[in-house]
Amino acid sequence: MKATIFVIGSLMGADTYKDTGIKIYPHFSVENAEEMVESGVIQIGSHTFDMHQSEELERNSGILKPNMLRPAGMPEEDYIRMVKDDLDKFGELYKNIENRQVTLLAYPYGLYDQELTALLHESGIRGTFTTEPGISTIIKGLPQTLMNLKRISINEDTDIEAVLGSLP
């Protein structure tokens, strides 16, 4: 079975939250990610470079970015530039891991809207993932059906047989 791990680029290799010195659980490094990709069973996707910020821990003087939605009052041009800058930063990091363009993104907290979906698709993202429960319909020849995919959450208490039995 293969898997995609969606990483926050700015936290790769970190054990403290950005410039705060506040301890966080250790995150794997770019080198660790390269090893995983080389295994042939792990792919890396974007969970943004730095648009999944902690409201509690963020101390930067700029705009808080807890998700990818446009902040209230931000002009469209500034928002587009902010998203594209984040995609570019993640893309540079990603080239070191997989040596190709990133095409998959999981929305921070699953939050998205039509504006963001269109902007990501225009920027080369071919598949996006929400936190909405359910099964998505993917239609061959309609690449837009790969955007805003739903998911089935699995944890240690999940009855795998029940999940498999509920699939069409």
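Annotations
- Tabulated pairs, region 111-137, first more than 17 Å from VAL163 (Cα to Cα), second open to solvent by 70 Å² or more (accessible area, probe 1.4 Å) and in a loop (DSSP other than H, G, I, E, B), C-beta under 6 angstrom, 6+ apart or interchain: GLY124/GLN101
- Count of residues meeting criterion [loosely packed, with under 15 Cβ neighbours inside 10 Å, of a type in the set (D, E, K, R) and part of a loop (DSSP other than H, G, I, E, B)] in region 59-77: 1
- When SER10 is tested against (1) of a type in the set (S, T, N, Q); (2) surrounded by 12 or more Cβ atoms within 10 Å (Cβ to Cβ); (3) modelled with pLDDT under 90, only condition (3) is not met.
- Matching strands (runs of 3 or more DSSP E) fully within region 84-168 where at least 3 residues are closer than 19 Å to LEU11 by Cβ and of a type outside the set (Ser, Thr, Tyr): 104-106
- With respect to the stated conditions, ALA106 fails to be farther than 24 Å from MET147 by Cβ, among the aliphatic types (A, V, I, L, M) and touching a residue at least 12 places away in the same chain (Cβ under 8 Å).
- Leading residue by the ranking (farthest from GLU56 (Cα to Cα)) among those in region 13-28 that are open to solvent by 40 Å² or more (accessible area, probe 1.4 Å) and part of a loop (DSSP other than H, G, I, E, B): PHE28
- In this structure, GLU31 does not qualify as farther than 23 Å from ALA118 by Cα, in a loop (DSSP other than H, G, I, E, B) and charged (D, E, K, R).
- Any chance ILE80 is open to solvent by 50 Å² or more (accessible area, probe 1.4 Å), β-branched (Val, Ile, Thr) and either at pLDDT 95 or above or part of a helix (DSSP H, G or I) (or both): yes
The values are calculated or read from the model by the stated rules, or taken from the named source; none is laboratory data. Every value quoted in this text rests on a predicted model; they were computed, and no experiment measured them. We place every Cβ from the backbone using ideal geometry, glycine too, and count neighbours over all the protein chains shown. With ligands, DNA and RNA removed, areas are computed over all heavy atoms of the protein, side chains included. Shrake-Rupley method; radii C 1.70, N 1.55, O 1.52, S 1.80 Å.
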